[in-house]
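The structure appears below as structure tokens.
Any read-out appearing in this document is the output of simple, stated calculations on the displayed coordinates, not a laboratory observation. Quick caveat: nothing in here was measured; it's all calculated off a predicted structure. Don't worry about glycine lacking a Cβ; one is built from the backbone with ideal geometry, like all the others, and counts go over all protein chains shown.
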Amino acid sequence: MKIIVLLTIFITIGCILSTGCIGQIKKDNVSVNVTISPPVTFLPFVNNTSVSDTNVTANITITKLKGPLRVSISGYPADLPVIVDNQPVGIVTKEKPFDMMLDEGNHSVKVCVGVICENETVIIVFAKKSLIDFGPRLKKDVEFPTPTVRILDYYRSGNGVAVVLEFINPSSKDLTMGAEVSVGYSYINDRNDERGGESARGKSTSVVKAGQRQTSTLNLNFASGYSFLFDPPQLGQITTY
């Protein structure tokens, strides 16, 4: 019985295989769309702000310490410019000194009358007052601040008097200077032997270089007579041009 069953099974299987009863399993083509994302790349942050290529210079101001200075001329009769380190800074007068503040250190200070200058170097110290008085030197070196004429001497000369004049030019340019001089005198007239009074007058002119002095002698003649007595000569009008 068992043999019959086995044979039946084998025969059945053979029949199926020979007749194609069992078909091949059809394989469907399955299309799978796979989207592959590109790898994520982290880009560096870019600042789009435009920065100009500008050099920045820091100006640092250093404040220097200063000290006070007073310049005076001790009553010298002129208004004079004060010059510090070759720069004019103000005017000093006989009535009022000139005050200023200067940086610490050495400074050249001068005042000038025409071409004649008085100079001094001063050391400025913080909070310490410095004083320069040019008066004594000005009175010695520039006795007269403006062009002038003075009588240096006078004496009897012949039938008259000789007057010695000094022309002084402290200015910065050459000048032609003139001065009138008079002298009063008395004498005895040789015609009637009576004493009378007279005056003699004259004018002297001189060319004087800038900052220089020039002397000149002027002779004033008396009237005819004798026993002369005369007063000190007097200056009259002075001219410059």
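Annotations for the structure displayed:
- Among GLY225, SER206, SER171 - extreme Cα towards positive end, dipole of region 148-240, charges at beta-carbon: SER171
- Candidate aspartates and glutamates - alpha carbon under 18 Å from LYS64, same-chain residues fewer than 8 apart omitted: ASP85, ASP103, GLU104
- Stretch gain in nm, segment ARG137-LYS173, where the contour uses 0.36 nm per residue and the Cα spacing is subtracted: 10.8 nm
- Label point at ASP153 placed 7 Å out along Cα→Cβ; residues across region 199-227 whose backbone nitrogen lies under 20 Å: 204-206, 213-221
- Were the residues from THR215 through ALA127 laid out at 0.36 nm apart, the gain over their Cα-Cα distance would be 26.7 nm.
- Relative contact order of region 66-141, defined on C-alpha pairs under 8 angstrom at six or more residues apart (%): 41
- If you plug the beta carbon distance of ILE116 and ALA162 into 1/(1 + (r/R0)^6) with R0 = 22 Å, you get a FRET efficiency near 0.15.
- Listed peptides 151-164, 103-116 by packing density, highest first (mean Cβ within 10 Å): 103-116, 151-164
- Cα-based reach from LYS94 at 16 Å (exclusive), listing aspartates and glutamates while leaving out same-chain residues under 8 positions away: ASP79, GLU118, ASP133, GLU143
- Sorted largest first, the spans of the alpha carbon positions of region 130-206 along the three principal axes are 72, 27, 17 Å.
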